[in-house]
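Values in this text are rule-based calculations from the coordinates and carry no lab data. None of the values given here were measured: they were computed from a predicted structure. Positions of Cβ are backbone-derived with ideal geometry, glycine not excepted, and every protein chain shown enters the neighbour counts.
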Amino acid sequence: MNHAQLAALGRALRLLGEHGEALTSDTPDARLHEIKADMRRALDLLDESVTGNAPATRCPEHPQGPVDESAPDLCLLCETRRRAARRSEFQGGRSGPAPVATAPSRYGVRADRPQPQQRWLPEAWNGQEWQLCGTPRRDRREAEAYLAAQRRGSRPAMAYRLVHEFTDYEVLRVWGTPVHVDIEPMGNL
Ligand SMILES: [Zn+2]
């Protein structure tokens, strides 16, 4: 918002406040129409001042991120992080200090694997079903720009959609007891 916009919007909002103060049961219709016009003007000024979309979440870090309705800040990304932290706290509480990985595995250990990842999949309606119509993107804006370009193309599909894919790791069940054992020296094998 530039200075002129700020001043104009401030004036328009203060005027609405004055209308509110002056409002009584005797306020004539003509006055109400005036108030309506002033509200419209204030809304128009707001529209001009606002840039970007309204935030989807209440998270300052991911205002446009994916939504988790059950999260206090509606942020799926942060809620996933919090869940993971609670999980490891719970597991840590049961089994004492975090175990140290001693055996290198060709598959790596949990911590070696990537953090929860999300991707945005551009899909097009082919007349029967939705199908992937481009490379999944790590960046939502990039995926949206890609779809916008597809729609402007020479032979656009009937419809497009953007699918959010989110992967996380969650231990669902454990078989056996993972006890720490020392690795036998190679000579003993
Ligand atoms: Zn967040």
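Computed quantities for the displayed model
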quantity: Residues in region 12-55 reached by a label modelled at Asn2 [backbone nitrogen below 14 Å; 7 Å Cα→Cβ]; calculated: 48-50
quantity: Sparsely packed trypsin sites (Lys or Arg not before Pro) within region 39-82, loop by DSSP, other Cβ within 10 Å at most 16; calculated: Arg58
quantity: Alpha-carbon gyration tensor eigenvalues x 5, square-rooted, for region 1-82, Å; calculated: 37, 17, 10
quantity: Hydrodynamic radius (Kirkwood) for region 1-48, which is based on Cα pairs only, to one decimal in Å; calculated: 11.3
quantity: Estimated vicinal HN-Hα couplings, Hz - region 66-75 in sequence order (Karplus 6.51, -1.76, 1.60; Gly, Pro = x); calculated: x, 9, 10, 4, 8, 7, x, 9, 6, 8
quantity: Where labels lie 7 Å past Cα in the beta-carbon direction, separation of Thr167 and Glu69 in nm; calculated: 2.7
